[in-house]
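Taking it in order: structure first as C-alpha cells, then the write-up.
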Amino acid sequence: MLPESSEVVVVGAGNAAMCAALAARERGAEVIVLERAPEDESGGNTRFTAGAIRFAYNGVEDLRELMPDLTPAEIARTDFGTYTEDQFFDDMARVTENRADPDLVELLVRRSRQTMMWLRDKGFRFVPIYGRQAFKVNDRFKFWGGLTVEAWGGGPGLIEAHRKAAKVNGVPIIYGARAMSLLNSDDGVHGLTVRYKGKTRALRCKAVILAAGGFESNPEWRTRYLGPGWDLAKVRGTRFNTGDGIRMALDAGASPCGNWSGCHAVGWDRNAPEFGDLAVGDGFQKHSYPFGIMLNADGNRFVDEGADFRNYTYAKYGAVILRQPGQFAWQIFDKKVTHLLRDEYRIRQVTKVTANTLEELVAKLDDVNADQALATIRAYNAAVRGDIAFNPNVKDGRRTEGLPVPKSNWANIIDTAPFEAYAVSCGITFTFGGLRITNDAQVVDTDGAPMPGLYAAGELVGGLFYFNYPGGTGLMSGSVFGRIAGDSAGRAARPA
Ligand SMILES: Cc1cc2nc3c(=O)[nH]c(=O)nc-3n(C[C@H](O)[C@H](O)[C@H](O)COP(=O)(O)OP(=O)(O)OC[C@H]3O[C@@H](n4cnc5c(N)ncnc54)[C@H](O)[C@@H]3O)c2cc1C
C-alpha cells in the first residue's frame, strides 16, 4: 500500500537508497522506500554487481575488524597489503585526470572505512575477493589493485542484507512505485507524485532522497548526452535506470554537474541481451584482456591492453570498443594464460571459439579480416620483450617494442595451442553526469543554493567520476553518500 505521507521518502532501492533509508531511520524519522521495479527485478544495478567494494585500510588488522570470520589460516596464507587513504586519493585523481570534485573525494575516501564498519554493525557481512583480485605466488595469495573485499553473496547478497536491515529497522519498501515528479514551492520540496498500480498520486513528505540511478538504460538520453553510437551499447544492469531521478530534480531547478558525456562501460559479450540478466549477473563481462590482445574487425589491435591493472582500465575500454568498426572486438589468449582467465570466461552464455593453430583461429573470428588478424598477431609476437619476467601481481613492464599500439605490461607471445578467442561489444554500466550536491548530500539549484528538502546519493550524483573509475568505487560512493543523505534528510525531517 502506498501511504499518503511519510517524513522521508527515498526514491530507488539499490545500495545508495537503502543506506540512505537506514541512516534516516537512525535519526528517528519515518521512512519509506519507493522502488519502480517489481520485487523480482528490484535492487537496481546493485543487485547485478559482484559486490566488490573499495575502501581504505592500513593492513590486516583493519580487515580483521571488518571481517571477524577471517581465520588465522587465511591470514597466514594471504598478503592483503594495504590500501591507504593516500592511495585511494591518488587513484581517484589519476583515473579522473584530476577532475573529481575535491570535497566529494575527501568524503568518499575519509569515510570509506567507517562506513564499512557502520554496515558491519547493521549486520552486513564481507569476505576477501580471493577469486578475482588475488593471484597465488609461492603458495601465498597476494592481493593487487586496491580492491580486496566483497559483500557476502555478491550483489544479490548485498540486496538481501539491505532488505533484512530495512525490515529490522522498520523501513517499508513499496515495489512497483515509480516516482514521477517532485512537488516543490518556494519553501522547497515537500512531496512527489508517484505512479502506483496504474494511478498517479501525490505523496507528501518533509524530505526526498533521490537514489534512482543514472540514465544508462535510456537509449535516447545516452545518444543525446554520451554521443552518437551510444544507442548501440548494451546495458549491463537494470532496465529501470532511465534518468528519472535526474530529470525530476532538473525540472525542479537542480543544477547538473559532472561528466555528462562520460560513463562507465566495459567489454561485454557480443551476444548479450539488451539489458542485464539477473541469472547471469556480471558474467557477460570479459575482464582478463590484460593477459591477451584485442583485435577489431580490420584485424588490428587498437588499445594498450596492459596499460594498467584491469581495475583502472576496464571502465573506459568499453567506449574504446564501441568506437571500433561494427562496435565489437575479439580477445585472444593462448594456453599459457588461460588458467589466469576470470570465472566469467567459463559461463555457458559465452561467445567463444577455440583452435589449434593461429591460422585456424583467425578464420573462426566472425566478421574479422583474417589475413590482417594473422599479420597483427605475428607482429605482436615479434615485438614482445621476452627477456622481462611475466608477473600478474605487479605491473611487470613485460612490454612490446616498436608497435604503433604498444602493450605496456603482461605481454606474452601467443604461440601455444589451444588458442581461445572471445567476442565482446560495449556494455554500459552507469553514467557519470548527474546532480550537484553539498557536503551534506543536499541537492544544489542552478543559482548555487541548497534546495530545502531534496537530497541525492549514488549513481545520479555528478562530479565524482570523469573519463574513468577505480573498480569497486560505485558501491562505496553509494554507501558513503547514501548514509550522509539519509542522515541529513533525517535531521531535516526530525530536527533535534
Ligand atoms: C554488471 C554490473 C557489475 C557491477 N559491479 C560492481 C562492483 O563489483 N562494485 C561496485 O562498486 N560497483 C559495481 N557496479 C556499479 C554499481 O552497480 C553501481 O555503482 C551502484 O550499484 C549504484 O547504486 P545506486 O543505488 O546508485 O543505483 P542502483 O543500484 O542502480 O539503484 C537505482 C534504483 O532506482 C530505482 N529507480 C529508478 N527510477 C526510479 C523511479 N522513477 N522511482 C522509483 N525507483 C526508481 C531502480 O529500480 C533501482 O532500484 C556494477 C554495475 C553493474 C551493472
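The residue list T115, T96, T84, T148 contains one member that is of a type outside the set (A, V, I, L, M) and modelled with pLDDT under 95, which is T148. Among the residues of segment 40-51, none qualifies, meaning not one is without any contact (Cβ under 8 Å) to a residue 24 or more places away in the chain, over 30 Å from I173 (Cβ atoms) and surrounded by fewer than 24 Cβ atoms within 10 Å (Cβ to Cβ).
Among the residues of segment 230-239, the one identified as more than 9 Å from the ligand (Cβ to nearest atom), open to solvent by less than 30 Å² (accessible area, probe 1.4 Å) and not in a loop (DSSP other than H, G, I, E, B) is W230. Taken over segment 125-181, residues that are within 11 Å of the ligand (Cβ to nearest atom), open to solvent by 20 Å² or more (accessible area, probe 1.4 Å) and part of a strand (DSSP E or B) amount to 6. Restricting T242, T200 to those that are assigned to a strand (DSSP E or B), more than 27 Å from D447 (Cβ to Cβ), open to solvent by 20 Å² or more (accessible area, probe 1.4 Å) and free of Cβ contacts under 8 Å to residues at least 60 places away in the same chain reduces the list to T200.
Annotation: A297 fulfils all but one of (1) within 14 Å of the ligand (Cβ to nearest atom); (2) touching an Asp or Glu at 6+ places or on another chain (Cβ under 6 Å); the unmet one is (1).
Restricting to segment 258-267, count the residues that are within 15 Å of the ligand (Cβ to nearest atom) and within 30 Å of G188 (Cβ to Cβ).
2
Quick grid of which residues meet (1) open to solvent by 60 Å² or more (accessible area, probe 1.4 Å); (2) under 23 Å from N259 (Cβ atoms); (3) aromatic (F, W, Y):
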{"position": "T71", "(1), (2), (3)": "no, no, no"}
{"position": "R77", "(1), (2), (3)": "yes, no, no"}
{"position": "G81", "(1), (2), (3)": "no, no, no"}
{"position": "T84", "(1), (2), (3)": "no, no, no"}
{"position": "A100", "(1), (2), (3)": "no, yes, no"}
{"position": "D103", "(1), (2), (3)": "yes, yes, no"}
{"position": "E106", "(1), (2), (3)": "yes, yes, no"}
{"position": "V109", "(1), (2), (3)": "no, yes, no"}
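Restricting the search to segment 202-231, which residues are within 13 Å of S6 (Cβ to Cβ) and in contact with a Leu (Cβ under 9 Å, 6 or more places away or on another chain)?
Filtering segment 202-231 for residues within 13 Å of S6 (Cβ to Cβ) gives 202-209.
If the condition is that a residue be within 13 Å of S6 (Cβ to Cβ) and in contact with a Leu (Cβ under 9 Å, 6 or more places away or on another chain), then A202, L203, R204, C205, A207, V208, I209 are the ones that fit.
For the structure I just gave you, tell me whether G43 is at positive phi and either hydrophobic (A, V, I, L, M, F, W, C) or in contact with a helix residue (DSSP H, G or I) (Cβ under 9 Å, 6 or more places away or on another chain) (or both). Against the criterion (at positive phi and either hydrophobic (A, V, I, L, M, F, W, C) or in contact with a helix residue (DSSP H, G or I) (Cβ under 9 Å, 6 or more places away or on another chain) (or both)), G43 qualifies.
Here K206, K197 are screened, and the one residue that is over 23 Å from F481 (Cβ atoms) and at pLDDT 95 or above is K197. Could you list all residues from segment 210-229 that are of a type in the set (D, E) and within 9 Å of the ligand (Cβ to nearest atom)? Result: E216, single match. Screening T354 with (1) touching an Asp or Glu at 6+ places or on another chain (Cβ under 6 Å); (2) buried (at least 19 other Cβ atoms within 10 Å of the Cβ) gives one miss only, at (2). Among all residues of segment 268-275, there is none that is in contact (Cβ under 8 Å) with a residue 60 or more places away in the chain, open to solvent by 10 Å² or more (accessible area, probe 1.4 Å) and near the ligand (Cβ under 9 Å from one of its atoms). Of all the listed residues (G386, G458, G402, G463), the sole one being surrounded by fewer than 24 Cβ atoms within 10 Å (Cβ to Cβ) and within 16 Å of the ligand (Cβ to nearest atom) is G463. Could you check, for segment 398-408, whether at least one of its residues is in a helix (DSSP H, G or I) and under 30 Å from K335 (Cα atoms)? Within segment 398-408 (the criterion being in a helix (DSSP H, G or I) and under 30 Å from K335 (Cα atoms)), the answer is no, since none of the residues qualifies. Residues in segment 289-333 that are among the hydroxyl-bearing types (S, T, Y) and crowded, with 23+ Cβ neighbours inside 10 Å: Y289, Y314, Y317. Within segment 245-261, being crowded, with 19+ Cβ neighbours inside 10 Å and closer than 27 Å to Q324 by Cβ holds for G258, N259. The residues of segment 24-48 include none that are in a loop (DSSP other than H, G, I, E, B), away from the ligand (no atom under 11 Å from the Cβ) and under 27 Å from E344 (Cα atoms). With the condition kept exactly as written, say whether any residue in segment 434-448 is among the acidic types (D, E) and within 14 Å of the ligand (Cβ to nearest atom). There is no residue in segment 434-448 that is among the acidic types (D, E) and within 14 Å of the ligand (Cβ to nearest atom).
The values are calculated or read from the model by the stated rules, or taken from the named source; none is laboratory data. Model, not experiment: these values are computed from the prediction. When we count neighbours, we look across all protein chains shown, and the Cβ atoms used for this are built from the backbone with ideal geometry, even at glycine. Note: accessible area is taken over every heavy atom of the protein model, side chains too, but ligands, DNA and RNA are not part of it. Shrake-Rupley method; radii C 1.70, N 1.55, O 1.52, S 1.80 Å.
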